[in-house]
1. Give the residues of region 263-306 that are in a helix (DSSP H, G or I), in contact with a Leu (Cβ under 9 Å, 6 or more places away or on another chain) and closer than 21 Å to ASP77 by Cβ, sorted by residue number.
2. Any idea which of ALA334, ALA306 is closer than 29 Å to GLU87 by Cβ and in contact with a helix residue (DSSP H, G or I) (Cβ under 7 Å, 6 or more places away or on another chain)?
3. Looking at THR425, THR343, THR338, can you tell me which residue is under 24 Å from the mean Cα position of the chain (by Cα) and at pLDDT below 90?
4. Given the options ARG259, ARG272, name the one that is at pLDDT 95 or above, of a type in the set (D, E, K, R), surrounded by 24 or more Cβ atoms within 10 Å (Cβ to Cβ) and under 30 Å from ALA38 (Cα atoms).
5. Having 3 or more residues that are touching a helix residue (DSSP H, G or I) at 6+ places or on another chain (Cβ under 7 Å) and over 20 Å from ARG348 (Cβ atoms) is the bar; report the helices (runs of 4 or more DSSP H) wholly within region 111-200 that clear it.
6. Within region 304-335, how many residues turn out to be within 18 Å of the chain's Cα centre (by Cα), more than 17 Å from GLY431 (Cα to Cα) and either surrounded by fewer than 23 Cβ atoms within 10 Å (Cβ to Cβ) or not polar (S, T, N, Q) (or both)?
7. Every residue in region 133-150 that is surrounded by 24 or more Cβ atoms within 10 Å (Cβ to Cβ) and free of Cβ contacts under 8 Å to residues at least 40 places away in the same chain, please.
8. Any idea which of SER243, SER159 is buried (at least 19 other Cβ atoms within 10 Å of the Cβ), among the polar types (S, T, N, Q) and within 15 Å of the chain's Cα centre (by Cα)?
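The values are calculated or read from the model by the stated rules, or taken from the named source; none is laboratory data. The shown structure was predicted, so the numbers you read here are calculated from the model rather than taken from an experiment. We place every Cβ from the backbone using ideal geometry, glycine too, and count neighbours over all the protein chains shown.
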Amino acid sequence: GAREAIDEGAVCEAELALVSGMDELSEDKYTEATLLLAESLQDQSRWSESVEALVKIGDPIEHDLVQVAEMLRSTADWKLRRMGQQEAVERINKSLRAASETLSRRVRVTALASSMILLSDTHDRQSSIEALRYVKQIVFDLESPKERALRAQALAMVSNFAESKVDFDAAEDAIEAAIRSYPVQSHGQAVHSLLMAQGSFKVSKGRYEEAIPVYKRALRVAEMRGSPSSVARAIANLMMSYSRVGEFGKAIELTLEGRRVATLSNDPVMFRILFYAAWSHAMVGDTDEALKLVPTWIEGAHDAPAGWMRQACDLLASDVYYLLKRGRDGLRHARLATTGGCTLPLSRAYVGPFARAVANVATSDHLEAGGIDRIVQVAKEFDHDLMDRAEISCAKLLLIANLGGDPSLEANSLRTVLLHLPSATVAGFRGLGFERALIYAAAIH
């Protein structure tokens with residue numbers, strides 16, 4: 001009953017049932033119940049309590065259950081920041097390797113769920129390439145909707161970070177099919193993960209209007225499950241989508257709840273929530289509120305568990321400062337994000353902002369030719385979505401214009417991309433100082 005309750009999203013009910021009946025269980029059933037309890041606690045972002053539950057498991061226990069316990073402990077240790085990024089990467093591939101070699105459905109499901117939590121925070125490209133191989137080798141149970149859903153989500157995430165377009169396109173079809181296999185009223189973790197993945201596919205194609213109802217549904221599912229971390233991530237993506245289509249007021253309205261649940265769950269998505277709030281305030285002319293928000297995520301960046309997060313915090317601070325016409329502060333953060341060994345973006349999610357920062361630093365240093373070379377290298381190294389392509393073209397056009405070169409080829413490329421982006425997103429480029437690039441592309445007049 002507890003297993004079914006967790007799968008259906010009733011994690012609080014599962015916890016209550018498990019705790020009340022633990023004393024009546026035999027030793028082998030006690031171990032299984034303890035693992036389920038730890039899982040239900042993690043679903044509620046109660047990481048420390050889940051560790052306390054796992055510690056109570058005695059020896060000896062079956063090998064499969066040992067693996068499940070280790071995977072749940074890895075997830076909790078990462079969320080509690082008791083392990084570094086390199087160890088997290090090793091745990092990801094250890095779990096997925098176990099999933100590809102086992103006949104145990106429980107191990108496969110736990111391995112996929114744990115690995116996706118760690119991977120969504122680490123953004124590690126190299127481990128994603130290895131993880132993709134393991135995910136494709138997993139023989140999963142077609143009759144299990146949850147396992148099918150988790151594998152579809154895993155394929156989407158690892159193919160995205162590993163930049164395998166063929167597998168990413170295949171994952172979109174798998175995600176759509178998995179969503180259709182669940183009743184509309186379902187609110188389990190698998191449904192939330194599928195909806196978040198579906199939204200990301202729409203965002204990658206610039207279809208933010210279509211992504212909004214998907215993320216709103218993901219938010220409702222997360223709220224029904226009582227999972228602060230899932231609520232925080234849905235809010236962050238919803239705020240991003242609102243800001244891209246010019247619904248800045250709606251993005252701002254979500255800020256307070258987003259900050260509350262991100263704090264409650266100790267989720268690193270906090271910096272994205274703060275950024276979209278600051279960006280939205282800046283776009284509606286509320287300079288003071290925007291300026292108040294920037295230091296809140298910069299201060300948190302020092303404790304960020306992954307290097308890409310620290311770089312991203314500087315890139316996003318740079319954007320807000322440039323939008324507010326505070327070029328000196330914007331340039332300082334652009335330098336921090338692109339120098340001192342940071343020759344490339346540390347996450348493919350920030351390819352566009354990285355290119356923009358490179359262009360701003362190169363312009364300030366009168367090293368436009370070198371800046372163009374760096375941006376070209378970034379474009380070669382990383383696959384990029386519609387938004388990234390627009391940002392990369394804007395950055396290159398700015399530097400080409402500064403050098404007095406021929407902008408026609410890059411302008412044509414930018415013009416094609418901008419046709420598929422909302423006008424509010426294009427207005428954001430203008431606010432960041434790329435008006436000249438947009439004029440070349442005949443996007444504004």
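1. GLY300
2. Working: ALA334 fails: closer than 29 Å to GLU87 by Cβ.
From the options ALA334, ALA306, the qualifying one is ALA306.
3. On the way: THR425 fails: at pLDDT below 90; THR338 fails: at pLDDT below 90.
None of the others qualify; the one that does is THR343.
4. Within the list ARG259, ARG272, the selection yields ARG272.
5. On the way: elements: 125-137, 145-162, 165-180.
Counting at least 3 such residues, we get 145-162, 165-180.
6. Total meeting the criteria: 10.
7. If the condition is that a residue be surrounded by 24 or more Cβ atoms within 10 Å (Cβ to Cβ) and free of Cβ contacts under 8 Å to residues at least 40 places away in the same chain, then VAL135 is the only one that fits.
8. Only one candidate qualifies: SER159.
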